[in-house]
Amino acid sequence: MTESILIGVIFIGQIMTRKNWIDIHLYISTFFLPLLLLFSITGTLYMLGEKGSESRELVLTFEAPLSKNIDKLQLEINEVLKSQNIKPDYEYLKLKGDSIYLRPTSRNHYMIKRGSPNKLYKVEPSAQKLFMELHKGHGPTFFKYFSILFGFSFLVIVFSGAYLGISNKALRKKTIPALVAGIVVSGILLLLYN
């Protein structure tokens with residue numbers, strides 16, 4: 001296994017110099033550091049049970065039927081919002097059970113609870129909830145694309161760091177055992193989970 005890793009490292013090393021990899025690693029990791037911190041902190045807090053909170057204010061109850069067709073539903077919701085002098089400022093609808101979320105939900109937004117009567121709520125997320133919504137991809141479309149770019153860049157950061165460690169003779173003795181230990185521990189945890 002070690003030989004195939006070294007062969008791959010040598011092949012990559014012929015295409016790009018070590019300095020190129022250091023520069024790539026440095027620039028991408030520092031550029032995405034704020035997003036990495038945001039995702040790490042919000043994800044850890046979420047797994048520790050701190051999911052954030054939100055306040056809901058009832059804005060309106062109404063009897064008008066709401067369509068099952070998403071295009072008609074959007075027109076109907078826009079009419080309801082306009083009747084309350086609320087600008088329809090959302091990108092898309094998310095249907096979940098009897099709730100209709102006007103996304104992005106990473107900011108103050110509206111939610112409709114289907115029923116008799118239907119209820120329109122103004123929702124204000126806490127900071128943790130707001131950031132968790134971004135983390136889960138429920139933010140604005142441009143932020144979703146930025147997060148996808150971050151995901152690919154994160155792979156570049158990790159692989160370039162591993163490459164830099166493996167390709168340096170002094171660091172190789174530390175890097176390869178850490179890599180193997182990470183593979184073994186991850187493998188064991190995955191096997192225990194299944």
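A few remarks follow.
- Helix-only [θ]222 nm of the chain, DSSP H runs n ≥ 4, -39500 (n - 2.57) each, per residue, nearest 500: -21000 deg cm²/dmol
- Given charges at beta-carbon only (K, R positive; D, E negative), |dipole| of the chain in Debye: 360
- Listed residues G139, V184, A127: farthest to the positive end of the dipole of the stretch 118-194 (Cβ charges): V184
- Each Lys and Arg contributes +1 and each Asp and Glu -1, all at the Cβ; summed about the Cα centre of the stretch 54-125, the dipole is approximately 140 debye.
- Of the trypsin sites (Lys or Arg not before Pro) found in the stretch 90-121, those that fall in a DSSP loop while having at most 14 other beta-carbon atoms within 10 Å are R114.
- Both radii come from the Cα set of the stretch 54-125: Rg as radius of gyration, Rh as Kirkwood radius; their ratio Rg/Rh reads 0.91.
- Computed E for F146/V185 - FRET, C-beta separation, R0 30 angstrom, nearest 0.05: 0.45
- The chain: C-alpha pair distances exceeding 31 Å, %: 43
- Label-point gap, in nm, between F154 and L171 - each point 7 angstrom along Cα→Cβ: 2.1
Readers should treat all values here as calculations from the given coordinates under stated rules, not as data from a laboratory. Quick caveat, the model's predicted, so the values are computed rather than measured. Every residue, glycine among them, receives a Cβ derived from its backbone with ideal geometry; neighbour counts consider all protein chains shown.
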